[in-house]
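Visitor: My questions all concern the structure below.
Values in this text are rule-based calculations from the coordinates and carry no lab data. In this text, all values refer to a predicted model and were calculated from it rather than measured experimentally. Cβ sites come from the backbone with ideal geometry, for glycine too, and all protein chains shown count toward neighbours.
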Amino acid sequence: MKRILLILTLLISVSSFLQTKQLKTFDELMNALKTGNNVQTVLHYKYCMVISDNEIQKDTIDAIGGIKIDTWEFFEKGRIRN
């Protein structure tokens, strides 16, 4: 019985540690990346502003995609003509 309680306690502790958190701001995203967290995205394209050939597209497709961010760079404003 004690062994089952110990295993159950460990599983609950580990599962609470591994829970995902939705990032809602750019600052939250950058903090997660800077601290080495694994970041995955779920993109709902119909809610995004799509820019193609320097023009904002009025009609966007109703599609969902996902990207795992495992390689990234960040440059301060004005560094690379941004």
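Visitor: What list of ³J(HN,Hα) values in whole Hz, one per residue of the stretch 35-43 in order, does the Karplus curve 6.51 cos²θ - 1.76 cosθ + 1.60 (θ = phi - 60°) give from phi, with Gly and Pro shown as x?
Guide: Ordered by residue, 3J(HN,Hα) equals 8, x, 6, 6, 10, 10, 10, 10, 10 Hz.
Visitor: What residues have an amide H closer than 5 Å to that of I69, excluding those fewer than 5 places away on the same chain, when H is modeled at 1.01 Å from N in the peptide plane?
Guide: Under 5 Å from the amide H of I69: V39, Q40, T41.
Visitor: Report the extension gain between S52 and I80 in nm, rounded to one decimal, defined as 0.36 nm multiplied by the number of residues separating them, less their alpha carbon distance.
Guide: So the extension gain works out to 8.0 nm.
Visitor: Moving on to the next point. Checking the a/c ratio against 1.5 first, then a/b against b/c, what shape does the Cα gyration tensor give for the stretch 21-82?
Guide: Here the stretch 21-82 falls in the oblate category.
Visitor: Another question, if that's okay. Highest mean first, how do 64-76, 22-34 rank when packing is the count of other Cβ atoms within 10 Å averaged over residues?
Guide: So the peptides 64-76, 22-34, ranked by packing, come out 22-34, 64-76.
Visitor: Which lysines have a Cα lying under 26 Å from the Cα of K58, excluding residues fewer than 8 positions away in the same chain?
Guide: Leaving aside lysines fewer than 8 places away in the same chain, those within reach of K58 are K24, K46.
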